[in-house]
Every structure is written in structure tokens, then in C-alpha cells.
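Just passing along the structure, written as C-alpha cells.
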Amino acid sequence: MAKEKLTKFDNVCEILDKYQRNPHKLIPILQDIQEEYSYLPEDIMTFVSTALEISSSQVYGVATFFAHFTLQPKGKYIIRVCDGTACHVKKSTDIIKALEKELGLSHTKNTSDDLLFTLETVACLGACGLAPAVVINDKVHGLMTPESTIALIKEIKETESHE
């Protein structure tokens with residue numbers, strides 16, 4: 001017998017069932033959905049509001065209140081560049097500019113078209129001794145330059161092209 005094709009709503013139903021479709025569990029439900037899709041798609045938030053019998057504005061309100069949630073797709077690799085005092089003094093803005101140029105990004109567009117990279121600027125990574133610091137998916141890279149950062153990005157692109 002042929003295996004049925006699952007829709008994205010089937011995955012959401014599994015998540016909703018995990019929490020007994022309890023509207024009081026909205027935050028963990030949204031966390032699991034974001035884990036599954038790497039962001040909160042609008043159609044899925046509408047589906048969740050219907051399934052939980054709560055208003056879509058309530059779901060949207062929770063999704064926009066907490067900084068952890070994102071309504072835009074994020075890349076496979078999240079690049080966080082520190083622009084705190086120590087990193088800024090050591091020219092972290094040059095790293096940001098180099099990444100924007102390399103990945104075709106800007107301050108209004110932070111995810112690459114291929115959904116491989118998302119660039120985020122953060123106030124502090126707590127790695128001041130390694131300034132300027134860049135974190136890519138939880139791995140800290142210290143004493144970075146625009147050149148070393150772009151070399152790292154090219155390495156990732158090369159690895160991805162072989163997968």
C-alpha cells in the first residue's frame with residue numbers, strides 16, 4: 001500500500017495533539033511549530049487559532065510578543081554578529097557589511113534567497129575577549145575579520161553544495 005503524503009497541517013495536528021489541543025499550552029505549541037518549520041507561517045497560525053478555538057489575534061499577539069518567535073523564514077545557518085561595545089570598537093560593522101554583500105542581504109532583508117543563511121546583529125554574545133565575535137548556529141568564532149568571516153561562509157557553502 002502506498003504511503004500517504006503528509007501535509008504541513010498533519011505535522012501541526014501532531015503537535016496540537018501532543019498538547020491535547022489545550023489553548024493554555026499555546027506557547028509550547030508555537031515553540032514546537034517553530035522548531036518544525038524554523039518560523040511561524042501565517043496560515044499555520046490561523047490553523048492553530050481555529051484548532052484551539054481562540055482568536056487569531058491572540059495567537060498572533062503571543063507570536064509577536066516573545067522575541068524568540070519569528071514570523072519570517074530563517075536560514076539553515078543563523079549568523080549572529082556581536083555589535084556590543086568591545087566588538088563594535090574592533091570593527092564588527094565591517095563584518096556585517098561584508099556578510100550583507102556576500103549574501104545579498106540588507107538591514108531590511110536578513111535571510112538569503114536560498115534560505116541557507118540568516119544574519120542577525122546582537123548587542124552582546126558574552127565573548128568580549130574574542131572580539132569581534134561571530135556565532136554560527138551556536139558555534140562561537142572569535143577574533144574575526146571580514147575576510148575570515150567570508151572564508152567561513154564560503155566553507156559552509158562548499159559543504160552544502162556537496163550534500
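Residue by residue, here is whether (1) part of a loop (DSSP other than H, G, I, E, B); (2) at pLDDT below 95; (3) surrounded by 15 or more Cβ atoms within 10 Å (Cβ to Cβ) holds:
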{"position": "D10", "(1), (2), (3)": "no, yes, no"}
{"position": "L40", "(1), (2), (3)": "yes, no, yes"}
{"position": "I95", "(1), (2), (3)": "no, no, yes"}
{"position": "E100", "(1), (2), (3)": "no, no, yes"}
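For segment 75-91, give me the residue count where each residue is surrounded by 15 or more Cβ atoms within 10 Å (Cβ to Cβ), within 14 Å of T121 (Cβ to Cβ) and touching a helix residue (DSSP H, G or I) at 6+ places or on another chain (Cβ under 9 Å).
Within segment 75-91, residues that are surrounded by 15 or more Cβ atoms within 10 Å (Cβ to Cβ), within 14 Å of T121 (Cβ to Cβ) and touching a helix residue (DSSP H, G or I) at 6+ places or on another chain (Cβ under 9 Å) number 7.
Here is a further query. Residues in segment 63-74: is at least one touching a residue at least 12 places away in the same chain (Cβ under 8 Å), among the aliphatic types (A, V, I, L, M), under 21 Å from M144 (Cβ atoms) and buried (at least 19 other Cβ atoms within 10 Å of the Cβ)?
no
Considering segment 118-141 alone, what residues qualify as being touching a Lys or Arg at 6+ places or on another chain (Cβ under 9 Å) and surrounded by fewer than 21 Cβ atoms within 10 Å (Cβ to Cβ)?
Scanning segment 118-141 gives E120, T121, V122, A131, V135, I136, N137.
Okay, next question. Going through segment 81-93 one residue at a time, which ones are in contact with a strand residue (DSSP E or B) (Cβ under 9 Å, 6 or more places away or on another chain), outside any loop (DSSP other than H, G, I, E, B) and more than 13 Å from T149 (Cβ to Cβ)?
Hit for segment 81-93 is H88, nothing else.
All but one of (1) crowded, with 18+ Cβ neighbours inside 10 Å; (2) of a type outside the set (F, W, Y); (3) under 30 Å from Y19 (Cβ atoms); (4) under 13 Å from the mean Cα position of the chain (by Cα) hold for L115; which doesn't?
(1)
Condition check ((1) modelled with pLDDT of 95 or more; (2) not in a helix (DSSP H, G or I)) across all residues:
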| residue | (1), (2) |
| --- | --- |
| I54 | yes, yes |
| Q58 | yes, no |
| V62 | yes, no |
| I79 | yes, yes |
| H107 | no, yes |
| S148 | yes, no |
| L152 | yes, no |
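To continue, here is another question. With the structure loaded, tell me whether E35 is acidic (D, E), under 30 Å from S161 (Cβ atoms) and free of Cβ contacts under 8 Å to residues at least 12 places away in the same chain or whether it fails that test.
yes
While we're here: For the structure I just gave you, tell me whether S57 is hydroxyl-bearing (S, T, Y) and in the same structural domain as P28 (by TED's automatic domain parsing).
Yes, satisfied.
Within segment 118-146, restricting attention to residues that are assigned to a strand (DSSP E or B) and not aliphatic (A, V, I, L, M), which residue is farthest from the chain's Cα centre (by Cα)?
H141
How many residues does segment 28-38 hold that are modelled with pLDDT of 95 or more and surrounded by 15 or more Cβ atoms within 10 Å (Cβ to Cβ)?
5
The values are calculated or read from the model by the stated rules, or taken from the named source; none is laboratory data. Predicted model only: the values in this text are computed from it and were never measured. As a convention, Cβ positions derive from the backbone with ideal geometry for all residues, glycine included, and neighbour counts pool all protein chains shown.
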